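Trainee: Mind having a look at this structure? Questions to follow.
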Amino acid sequence: MKILVCVKRVLDPQVKARVKAGGSGVDLTNVKMTMNPFCENALEEALRMREAGVGEEIIVASVGGGKTEETLRHGLAMGADRAIQVVTEDDLEPLAIAKVLKAVADREGVSLVLTGKQAIDNDSNQTAQMMSALLGWSLATFCSDITIEGDKATVVREVDAGLETIEVKMPSVMSADLRLNEPRYVKLPDVMKAKRKPMDKIELESLGIDTARRLTTLQVEEPEGRAAGVIVNSVSELVEKLRNEAKVI
């Protein structure tokens, strides 16, 4: 089985996001970037499938500009067989991303697409769902356990009420939750080997896909600072403040 793992380059979660002066978006100038954590879980699961004899070839793919190659090289260092970068400097919306990755999946003839549950930069949680619809494949989201047997897969999903177990037909699109696994640590020899692994680059324009924007960002603002706490002298005073000032009870 050939597996396509879709990954995204995002701001490192340990770095504080800064809003651009004009409020048009997040300032990513000279900041540390990394692979989206949920995407790492998706790639780790693909690697474990290959080790278990379920998967044969793992392709890691991403959409973005020149520095996206660094993220793909990290995926190759983790163990992916080869990488595909769809090159564009435009900031595409989830629907456009889904269309592009669907074209990659069709081109490669994969049987399984793994993505992160969401990207930590915009938290859209839409790409996997849209890819499933575009491909006409089954969908399993928020996966915390995946078992594939023949043409069916049993998936445990993280839902508000707890855990839900579903069965889906292959081929399928699945999105990984953080509880799915613990991504492996990349060692220096693996980083060196990744430099020799193949990486295809496809210009976005060559795919002939409509990626026109359908959403307009009006303003990006930082959240309000947290107010200083106060010390209360009794339970009754605490209850009074919660009821009359915080208005939470």
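The values are calculated or read from the model by the stated rules, or taken from the named source; none is laboratory data. No experiment lies behind these values; they were computed from the predicted model shown. All Cβ positions, even for glycine, are placed from backbone atoms using ideal geometry, and neighbour counts span all protein chains on display.
Trainee: Limited to region 137-192, what total is found for residues that are surrounded by fewer than 18 Cβ atoms within 10 Å (Cβ to Cβ), among the β-branched types (Val, Ile, Thr) and either free of Cβ contacts under 8 Å to residues at least 40 places away in the same chain or touching a Ser or Thr at 6+ places or on another chain (Cβ under 8 Å) (or both)?
Mentor: Qualifying residue count, region 137-192: 5.
Trainee: Answer yes or no: is there a residue in region 85-105 that is out of contact with any Ser or Thr (no Cβ under 7 Å at 6 or more places or on another chain) and more than 26 Å from Arg214 (Cβ to Cβ).
Mentor: No, region 85-105 has no match at all.
Trainee: Out of curiosity, is Gly75 closer than 28 Å to Lys193 by Cα, buried (at least 18 other Cβ atoms within 10 Å of the Cβ), in contact with a strand residue (DSSP E or B) (Cβ under 6 Å, 6 or more places away or on another chain) and at pLDDT below 95?
Mentor: No: the conditions fail for Gly75.
Trainee: While we're looking at this one, here's another question. What are the residues in region 79-110 that are over 22 Å from Arg196 (Cβ atoms), surrounded by 21 or more Cβ atoms within 10 Å (Cβ to Cβ) and of a type in the set (Gly, Ala, Ser), if any?
Mentor: Of everything in region 79-110, those that are over 22 Å from Arg196 (Cβ atoms), surrounded by 21 or more Cβ atoms within 10 Å (Cβ to Cβ) and of a type in the set (Gly, Ala, Ser) turn out to be Ala96, Ala98, Ala105.
Trainee: Of all residues in region 1-59, how many are aliphatic (A, V, I, L, M), under 19 Å from Asp91 (Cβ atoms) and at pLDDT 95 or above?
Mentor: 2
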